[in-house]
Structure formats: C-alpha cells, structure tokens
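*Asks:* Here's a structure for you.
The values are calculated or read from the model by the stated rules, or taken from the named source; none is laboratory data. Predicted model, so just to flag it, every value in this text is computed and none were measured. Here Cβ is always computed from backbone atoms with ideal geometry, including for glycine, and neighbour counts include all displayed protein chains.
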There are 2 protein chains.
Amino acid sequence: MAKDKGQRRPKAETPKGFRDYFAHEVGARKTMLDKIAAVYHRYGFDALETSAVETVEALGKFLPDVDRPNEGVFAWEEEGDWLALRYDLTAPLARVAAQYRNDLPSPYRRYAMGPVWRNEKPGPGRFRQFYQCDADTVGAASVAADAEICAMLSDALEEVGIARGDYVIRVNNRKVLNGVMEVAGILDPADPSRFEAERGIVLRAIDKLDRLGVDGVRALLGEGRKDASGDFTKGAGLTSAQCTVIMRFVTANQTVSSILSAQVDAAVEVSKQYASTLVHAAGGDSKSGRARNIRNKATVHHLRDIVGGSEVGEEGVAELEEIAALLDAQGYGPDRIIIDPSVVRGLGYYTGPVFEAELTFEITDEKGRPRQFGSVAGGGRYDDLVKRFTGQAVPATGVSIGVDRLLAALAAKGRGTPEAQGPVVVTVMDRTRMAEYMGMVSTLRAAGIRAEMYLGNPKNFGNQLKYADKRQSPVAIIQGEDEAARGVVQVKDLILGAKLAQEASLEEWKAQPAQVEVPLAELVQTVRAIMGRHG
Amino acid sequence: MAKDKGQRRPKAETPKGFRDYFAHEVGARKTMLDKIAAVYHRYGFDALETSAVETVEALGKFLPDVDRPNEGVFAWEEEGDWLALRYDLTAPLARVAAQYRNDLPSPYRRYAMGPVWRNEKPGPGRFRQFYQCDADTVGAASVAADAEICAMLSDALEEVGIARGDYVIRVNNRKVLNGVMEVAGILDPADPSRFEAERGIVLRAIDKLDRLGVDGVRALLGEGRKDASGDFTKGAGLTSAQCTVIMRFVTANQTVSSILSAQVDAAVEVSKQYASTLVHAAGGDSKSGRARNIRNKATVHHLRDIVGGSEVGEEGVAELEEIAALLDAQGYGPDRIIIDPSVVRGLGYYTGPVFEAELTFEITDEKGRPRQFGSVAGGGRYDDLVKRFTGQAVPATGVSIGVDRLLAALAAKGRGTPEAQGPVVVTVMDRTRMAEYMGMVSTLRAAGIRAEMYLGNPKNFGNQLKYADKRQSPVAIIQGEDEAARGVVQVKDLILGAKLAQEASLEEWKAQPAQVEVPLAELVQTVRAIMGRHG
C-alpha cells in the first residue's frame, strides 16, 4: 500500500547499552551458574531471588564510583513513590535481612544470581544490564564467615574450570588499612572525619599500584605526579615519613616474597629438603601443610610490625591471622588464598576483611599485547548495611562474582561450555506428506534426539539444506516419493559431508558415503550411530 | 546514640506488588523451568535472553486488557528516549526477529524464560513482576508450526508432572471465528472496520461462557443481560437469527459431545466392541488411533457446516483439520489436544490458530469450594508483529506458559519439587577450636555432603540446635573438649530425634538412639548412613 510508505516504523533496536544473548551465550552462562550454585548449596547457602524493582529509599546510595546521589540507577516515579532497578544484589539482601529478620535463620547464608542495572555511559564491552552471582552470610560476626566465603570462592572457581594456579584470592582487612592510616597520622580515631580528603587520595593511589608502580603511588602520596603526557595530578601532601609508613604497607607482599626467597637461598646451603619447602612457600604452589603456613604467617608478622600501636590495626592483623589459620585447617594455602595488603576494593561500605579473586594467566588484549586477566570476583565484610533499616548493627560478609568476566576467562582458556548440537532436520520433499515427516520427527524426539521438521517454504530443497547448515545440524533426513514407496529414508551425515566436500579425494568419497539409505524402522539407530561417530 | 532516634530510617519493604522468592520457591521454579527447557531444546528450539529494558517504541502497544496507550508498563524517560520494562516475551522477540533478520535461521525457533513486568493494580496473588516461559516459531507460515507448538506444550506439561488426563489443550482458529461473524452478518470482508463494536461485545461474551453459561452469553449477544444484583449489561443487539449462528459455534463442542454420546447409546445395541471405541472418542481418554480421529473429525465437520459460504471461515476450518491430522500422525489425540471453538483468547494480535492448556482437575478455592484449576498456558498465531518493524509480513506462532500458575498446580497435585535438605550443622562447643570444626565441615563438603559450621554466637548451645532445626538439618555434629581428647564426635540424627521426641516410648528411645559417638575418621560414613536412612 503506497500510503504506508511514508509512515514511520519503530526501530528494531535494543536501547543503548543493552544487548541480546543467543542460544550458546545463554547456555554457557547457565552451565556456569548451575555449577557455582551447586558449590554455594553444598556450603549451606540458600537461594534468594528478589524482584528487579526496589524503592529508591530501600536501595540507598551505595553505588560504587558514583558521587552524585541517585546517579547511576534507572529510577522513575510511580504514584508518588520513587522506584528503581537494583544496581547490585547486596542492597536488596540488606533490605530482605531487615524485612524478614524474625523469620530467617540467623546466621542467614544466601546466594543470588541475576541481572543488575547501571545507568552509566555504555562503552565497548560495558553494558547497562549484566549478571552478578553473589553469596553472603548475614548475622555472623566471626571472621570464620569471611574465611568460609574465601574457601567457597576458591571451590567455585575450580568447579567452573579455572585450574589451581591460574587464580589467587587475595585477602586484606580495612582495619589494617585504618591502622596504617592511624600510624601515619592521617586517621584520628577520636575524630574520624579529619583527613578524609587525604585518605581518599591515598586509597585511590593504592588502587593504582598495578598501573603506576611503587614510584607512581609514592608520588601521589606526596606532592603529586606528572604523567607521560605532562599532566599533573595533585597528591595527598603527606610528609616523607608518612609516605614511608604507607608504602611499607603497600609493598608488604613483595617484601615478604623477597624475604622468603632470600631465606630459600640461604637454606639451600643447609638442606635441600627444607629448601624445597620454602621454595614452595615463596612460590605458593605447594600443598604441604608446612609450606602453606609460612607465607601468610610471614605477612601477618610484617603487618603487625607496621601497624604497631594502633588498636584497630592490631585487631585487623589478628583477624587476618585467624582467617589464614582457619583456611589452613581446611587445606586452603597460599597456592589459592594469600594475605595481600595491596587489595583495597573501592566500595565505601566495607568495614573489615576484603577479598578479591584474580586470574593470573595472561591473555592478549585488543591491541595484541599480553596482559594478566585480572579480577573476576570481590567482596568483603560490611557490618552497617542492615543497620540503615533497623538501627541495630548486623554483621555481614559476602562475595560477588563478575559473571561476564568469568565467562570470558573460561572462553579464553578454552574451558567454556561447548556449543549444543543443532537438531536433526527432517526435510520436506513432498508437502502432501507433512504428517509422515512429523511422525519421523516425533519418533526421533521420543528417542531423546533433538529433531525438527523443516517448517519454511519447502519449494527450494537447497534452502532446506542451507537451513540445516545454519542450524549446525549433524544429520538431515530425506524421503521423496520413491523412498516412501519403498519404505526407506535417506540419512545424510552433514558433518562428514562438510568434511568430505572440503578435503576428500574421489576414492575416499566413494569409500565412506555421507548419505545412506535405510529402512524407516532403522531411522533412530542410524541417526544415533552417526551422531555417536562425531562424539 | 540518642540523637539518632528521631531520624527517619528507610522502610525495609518491597515496592507494592513485588515480592521475594526464598530457597524452596527459587528451586522449585528452576527445576520446572529446566525440565521445560529440555523439552523445548529437544524440539529444536534455541534459547534467547533479551534485556529487561526496551524502548517504548519497540515494545508497541500490545498489552492485553489495557485500553489506554502506555498504560500497564513501567516506563521512564532517559535522555530523550522513553524506555520501559518488557511486559511480555513476545514483543522483544518481534524486535529481535526484525533486528537480526539477516543472521537468524529461518524459520527461527526460540524459547525464552524470565520475568516480565506489568504496571497494574496489585491484588492477592497478582504481582507486578512474574515469570513467563515462551516458545515461538518465527517465519513458518505452515500450520505444522502451530501443531508442533501444541504437541510440545503437551510434552512439557507431562514432563513437569501433569499427568495425561489432568490437562487438555484446546485449539481454535481466529479465522473460523471471523467466518462465523461473516455468516452472522457482523463482519464485512470488504470493510473490516464495520460492526467493530458489536464484534468486541461478541468476543467478550464468548469469553464468559464458563461463568455465564449458554443463556447468559446469548443474552449478551442480543438485547443485554441483567445479573443477579439487578445490574444491566447492554448487549450487542444482534437479531435472533444472528444469535443462533454465533451460539451454534460457541456450543459446537457440546453438540459434538452429545452427538457422539447419542451414537454410543445407539451403538450399544449393535456392538459392544464398536461402542467401546466411541465411548473413548466421546470421553477422549483412549489412545487408539480410531477413537482419536473421531472426535476432532466430528468437530471439524460441524464447524464446516456453520461457516459454510465464508471463505475465511472455510480456510480456518481446513487449517484446524490439518492441525488435527498432523497431531494425530504423531499420536496426539483428543485425550490431549482437542479442537474447541469456545477458545477465544483475549489478545488482539492473533490472526489464526489459538490454543490454551487447561488443567481439568479440581482444586479447592480460598472459600473452600471445589473448582477446576483452569488455564496455565496459551498462545496462537500472530502474523503481523514483526511487520511493524520491517513492513514485511512475517508469520509467527507461539505459546506462553504461566509459570506461577503451573507451579501452583504442581503443588496442588503434590507433584512439586521436594524441599532441598538442610545442611549438616557442625556445632561449636569450644570457640578456640573453630579451625577443627571448619576442618570437619570441609571433609563433609569434599564428600559431597551439604554442611556448615554454626557461625552465630556459640555461647548458647540451645540456640545452635534451634538454628539446625530452622535450617531443617538432618544431622548435627557435636565435639566438646572431652570428645576431642578421645578423637571422637557425637553425631545426632535430628530427623529421628524429632520423631522420637513426638511419639516414642522410653523403650524405643533406648533401642534406637538418635545420637551416636563415633571416631572422627568415621564422620563421613556415619553421616551418610543416617542421611541414607531418611532417603
């Protein structure tokens, strides 16, 4: 109709920053999340699914890396109430823990998996809806809860296919960090709001250790830093002595490593046997109880020295020591979990132990340069989130796995879920005999074989085979008038056919035909045999 | 702090009409959806997961039962674009089919499972976020696609635990309905917009057959109907002859049933053998090919008589006949799928076959009265939804399962997923020995047993057992100083313990102790034995 031509049609597009997930993407994510859920379940965690929509009031303003209130969320007004899409799975948990506090077991271990939404500028690989996969324990003050989360995270990573040695979980404690700040004279326990700006700069500087190195971080702690382009970033203005305290803390992990290595060198002279234990401790790849203990114990010792005199700092070190001991008792040593003071974690709400899972293998970035894969999960203790609602402090700790990053890591390691096989396609040679073709499909399905009849216009037979190709079908079934009269079907091995078409000589082609004729009664067994051949 | 007291705390509440799903609810839904997905997959359907957010423009205004534009969706403005939460899974599919039309296989069979959002007045059991579970075939004009959807729906219902005989899938065709309207003189193919108001009243009246009965519907077709309270609803104002045509159609199914029953009575005189076939046909509970055919064939015959002379009506009847034949060839007879002209389906966008799955067993409603469970799934052919985007007609058909209703049905039939067992709880008798308790937990988990250490304050041991009770733990592990010194643990069978506490005599109590002491090395095998005893 000509008059329709000028009419504006709606655009067939996702909104900016949103995307669709197709068959294999949905399947790979589901397989991974099912495996993680099984680990969480084994640890005694229960599933919880809250709704996507919360009141803005209940969500609060805990979005990381966002300064302005209500920035970063999708929100709208509904009959006087402001509603919003959840930006993470922790804020809804805090609401649930408060709402059902009289009914839930305490401690309450729960896991949650689902999409969250961020109203941020989308970029390459950065979407405004993405999956999170969290586990939290609410109501447990003991650091045994933190240790358990770390062990569970380790098990989950191995369960989905990240091999031991390809990841490490780094544990730190905000209290140790506060102790260091106190020792450096930029935290006054009597007036926590003093020096807040300085501490902010220090935290951001520590977070950049990977990128800027020791000298860069130190410059940011002091006067400031000029980058390669000549741009100047103002520093925290700490004195040289203050900088030294902070930098001892930041580099504690390297220091411990070199001490252990030096010990190893010395020990080689004494005893090959003892040395091998220490080598493992330094490298962190041994399963022996002895070796495990050394590294984390050395770190604890070193940290205690740094925060000496700060009450909160010493409390934090004692917690780290207890976490390491508890993990050790379960066999989780520094080959999997290490104490590492350089882990800061951005979120303002952490109050105690913080942890981060990092993948240690190299991948090639978009510019072809090798780089470490980096962080795939993180979490920590947040003792004040539930208090917002109830006025009563409720200790809580948890972890969040970045689902898309972990999926990307598995794909990079070739450990992703293989694509599901396409269906067997029963082609339509004669459209008056659709019922018979449907019957064949039905027989195949009843035998547990994924199958379908070609439902497009059957006129062009070539299109049917092209369709089967697009579906990655392993087998096509063909039955024309002639075959029907004789009670047989043609069974075409599409995988072999594609291979032969590419590389076979005429002799090979003849010796191993990609298409066989069998009685209709042998349809299922023939299809099964072909599919079995290709695994 | 006294000054905090007056401060307003956020309310720990879900927004109105939203709810949370806890462990068992999440698990039961997941189990059901996994089973349905396996059926869909076997039928050759691929998963698709679109984002929750779409542009308002792409969603369009196809929300059922809503008259005002943009009513019924949650929408907000974002930098000049209007965004909204999807209200079903069909509108996003139409967008995807248009957006990726050059990449997707055609026909495109896809399934989707996930939450949808409706901005409607919430009520008891009516929520503003709920799950749908859809399967659709886009790009197949053949009614073989509709037949396949019906067969797949039948398989899915049986797979999740609805027994054959407890459900029926009713199939009708919008074209037949249009044919009847044409014969009754309220549809003019040359000017489809004439009599639109009358047709609306007729459709709504037919939809109320269950509630108002034959006389009520007939009254609404004519002058109108006065209900028990005296309120008068204006009718469509059809003549008596017009009403008769419509009512013949509406009651076609009953007519066919009585004809078949009458035939049975007559046949009893002739042949017990033949009669039994017809009894099955009338009752629809036979698997014999002969019986299957009769009922749907009789309905088709009767409908052809009613729409005689209307081209579209005859086309619709021919389609129903073909669907019945295709289903019959796969063994799906009227014990599972019947042609039933009383199925109308509200959605404006259906253009051909429509279907509805109804559960036929009785449940007790909230007032204690028995009633049929009713509809749990529905769908049909909608050939114009993709055209909105591309201008080209794309035939499509599909079904949507009401996830919550089907879950409720399974629970009502006692066929729901059993609750997952709680974890084994290792209690904390001595808080200096947490590492040892954690080690026991770790050993149990490594053996695949769901287990946890009590993470609350261990001071009050009674609280620990109360916690285990709340978690529905099968077993508690206890090790005090004394047991630790002797290298043993107490293993407490909590299920047996609860049973004995309720009903056992002292002798029974002594004969079968609910608590045994075993060497630590026998922890796993002892726990396994107890759990095995309770299945």
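*Asks:* From the residues in the range B:468-478 that are farther than 12 Å from B:VAL516 by Cα, touching a helix residue (DSSP H, G or I) at 6+ places or on another chain (Cβ under 8 Å) and not small (Gly, Ala, Ser), which one is surrounded by the fewest Cβ atoms within 10 Å (Cβ to Cβ)?
*Replies:* B:ASP469
*Asks:* Checking the structure you have, find out if any residue of the range A:445-467 is surrounded by fewer than 18 Cβ atoms within 10 Å (Cβ to Cβ), within 30 Å of A:LEU89 (Cα to Cα), among the charged types (D, E, K, R) and within 39 Å of the chain's Cα centre (by Cα).
*Replies:* Start the filter on the range A:445-467 by keeping residues that are surrounded by fewer than 18 Cβ atoms within 10 Å (Cβ to Cβ), which leaves A:446-448, A:457, A:459-463, A:466.
Next, only the ones that are within 30 Å of A:LEU89 (Cα to Cα) stay: none.
Scanning the range A:445-467 turns up no residue that is surrounded by fewer than 18 Cβ atoms within 10 Å (Cβ to Cβ), within 30 Å of A:LEU89 (Cα to Cα), among the charged types (D, E, K, R) and within 39 Å of the chain's Cα centre (by Cα).
*Asks:* Here's another thing I want to ask about it. Taking the stated definitions as given, is A:GLY448 of a type in the set (Gly, Ala, Ser) and in contact (Cβ under 8 Å) with a residue 12 or more places away in the chain? Write out each step before concluding.
*Replies:* Numbers: of a type in the set (Gly, Ala, Ser): yes; in contact (Cβ under 8 Å) with a residue 12 or more places away in the chain: no.
Here the answer is no, as A:GLY448 does not meet what is asked.
*Asks:* Further question: Give B:ARG194, B:ARG170 a once-over and let me know the one that is more than 25 Å from the chain's Cα centre (by Cα), basic (Lys, Arg), away from every other protein chain (no Cβ under 14 Å) and not in a helix (DSSP H, G or I).
*Replies:* It is B:ARG194.
*Asks:* Could you identify the single residue in B:ARG415, B:ARG388 that is among the basic types (Lys, Arg) and within 11 Å of another protein chain (Cβ to nearest Cβ)?
*Replies:* Just one listed residue meets the conditions, B:ARG388.
*Asks:* Now for a different question. Residues of the range A:156-173 being touching a helix residue (DSSP H, G or I) at 6+ places or on another chain (Cβ under 8 Å) and surrounded by fewer than 21 Cβ atoms within 10 Å (Cβ to Cβ), which ones?
*Replies:* Within the range A:156-173, A:GLU159, A:GLY161, A:ARG164 qualify.
*Asks:* Only residues that are under 21 Å from A:PRO105 (Cβ atoms) and among the hydroxyl-bearing types (Ser, Thr, Tyr): list them for the range B:440-498, please.
*Replies:* B:TYR454, B:TYR467, B:SER473
*Asks:* Moving to a separate point now. Give just the number: which of (1) buried (at least 21 other Cβ atoms within 10 Å of the Cβ); (2) touching a residue at least 60 places away in the same chain (Cβ under 8 Å); (3) in a loop (DSSP other than H, G, I, E, B) does B:GLY316 not satisfy?
*Replies:* Looking at each condition in turn, B:GLY316 falls short on (3).
*Asks:* Any residue at all in the range B:408-427 that is surrounded by fewer than 20 Cβ atoms within 10 Å (Cβ to Cβ) and more than 21 Å from the chain's Cα centre (by Cα)?
*Replies:* Looking for residues that are surrounded by fewer than 20 Cβ atoms within 10 Å (Cβ to Cβ) and more than 21 Å from the chain's Cα centre (by Cα), one finds at least one in the range B:408-427, hence yes.
*Asks:* Another one. Can we say A:VAL441 is in contact (Cβ under 8 Å) with a residue 40 or more places away in the chain and surrounded by 22 or more Cβ atoms within 10 Å (Cβ to Cβ)?
*Replies:* Taking the combined requirement at face value, the residue does not satisfy it.
*Asks:* Check B:VAL424, B:VAL428, B:VAL475, B:VAL399 and return the single one that is within 29 Å of B:GLU358 (Cα to Cα) and modelled with pLDDT of 95 or more.
*Replies:* B:VAL399
*Asks:* Would the range B:470-489 turn up any residue that is within 9 Å of chain A (Cβ to nearest Cβ) and either part of a helix (DSSP H, G or I) or over 42 Å from the mean Cα position of the chain (by Cα) (or both)?
*Replies:* Yes, some residue in the range B:470-489 is within 9 Å of chain A (Cβ to nearest Cβ) and either part of a helix (DSSP H, G or I) or over 42 Å from the mean Cα position of the chain (by Cα) (or both).
*Asks:* Mind checking whether some residue in the range B:480-492 is over 28 Å from A:ALA324 (Cβ atoms) and surrounded by 19 or more Cβ atoms within 10 Å (Cβ to Cβ)?
*Replies:* Yes - at least one qualifying residue is present in the range B:480-492.
*Asks:* Out of all the residues in the range B:404-427, which are of a type in the set (A, V, I, L, M) and within 27 Å of B:ARG528 (Cα to Cα)? Outline the logic, then answer.
*Replies:* Residues of the range B:404-427 that are of a type in the set (A, V, I, L, M), as a first pass: B:406-412, B:420, B:424-426.
Residues satisfying the conditions are B:ALA420, B:VAL424, B:VAL425, B:VAL426.
*Asks:* With B:SER342, B:SER400 as the choices, which residue is in a loop (DSSP other than H, G, I, E, B), within 30 Å of B:LYS297 (Cβ to Cβ) and touching a residue at least 60 places away in the same chain (Cβ under 8 Å)?
*Replies:* Matching residue, one of B:SER342, B:SER400: B:SER342.
*Asks:* Give me the residue from the range A:84-134 that is among the small types (Gly, Ala, Ser) and more than 12 Å from chain B (Cβ to nearest Cβ) and, out of that set, farthest from A:GLY44 (Cα to Cα).
*Replies:* For the range A:84-134, the residue satisfying everything is A:GLY123.
*Asks:* In the range B:509-529, what residues are part of a helix (DSSP H, G or I) and at pLDDT 70 or above? Walk me through it before giving the result.
*Replies:* Of the range B:509-529, the ones part of a helix (DSSP H, G or I) are B:509-511, B:520-529.
Scanning the range B:509-529 gives B:LEU520, B:ALA521, B:GLU522, B:LEU523, B:VAL524, B:GLN525, B:THR526, B:VAL527, B:ARG528, B:ALA529.
*Asks:* Among all residue pairs at least 6 apart or on different chains, which show Cβ distances below 8 Å where the first residue, located in the range B:201-226, is farther than 16 Å from B:ASN253 by Cβ and the second is aromatic (Phe, Trp, Tyr)?
*Replies:* Hits for this filter: B:GLY224/B:PHE232; B:ARG225/B:PHE232; B:LYS226/B:PHE232.
*Asks:* Considering each of B:VAL399, B:VAL343 in turn, give the residue that is under 14 Å from the mean Cα position of the chain (by Cα) and surrounded by 15 or more Cβ atoms within 10 Å (Cβ to Cβ).
*Replies:* Answer to the selection: B:VAL399.
*Asks:* Here is a list of conditions, (1) modelled with pLDDT under 95; (2) more than 7 Å from chain B (Cβ to nearest Cβ); (3) buried (at least 19 other Cβ atoms within 10 Å of the Cβ), and A:LYS3 meets all of them except one; can you say which number that is?
*Replies:* Status for A:LYS3: all satisfied but (3).
*Asks:* Need the failing condition index for A:THR137 against (1) crowded, with 20+ Cβ neighbours inside 10 Å; (2) without any contact (Cβ under 8 Å) to a residue 40 or more places away in the chain; (3) not in a loop (DSSP other than H, G, I, E, B), just the number.
*Replies:* Looking at each condition in turn, A:THR137 falls short on (2).
*Asks:* Just for the range B:174-192: of the residues that are exposed (fewer than 14 other Cβ atoms within 10 Å of the Cβ) and of a type in the set (D, E, K, R), which one is nearest to B:ASP305 (Cα to Cα)?
*Replies:* B:ASP188
*Asks:* Could you count how many residues in the range B:407-463 are polar (S, T, N, Q) and part of a helix (DSSP H, G or I)?
*Replies:* Of the residues in that region, 4 qualify.
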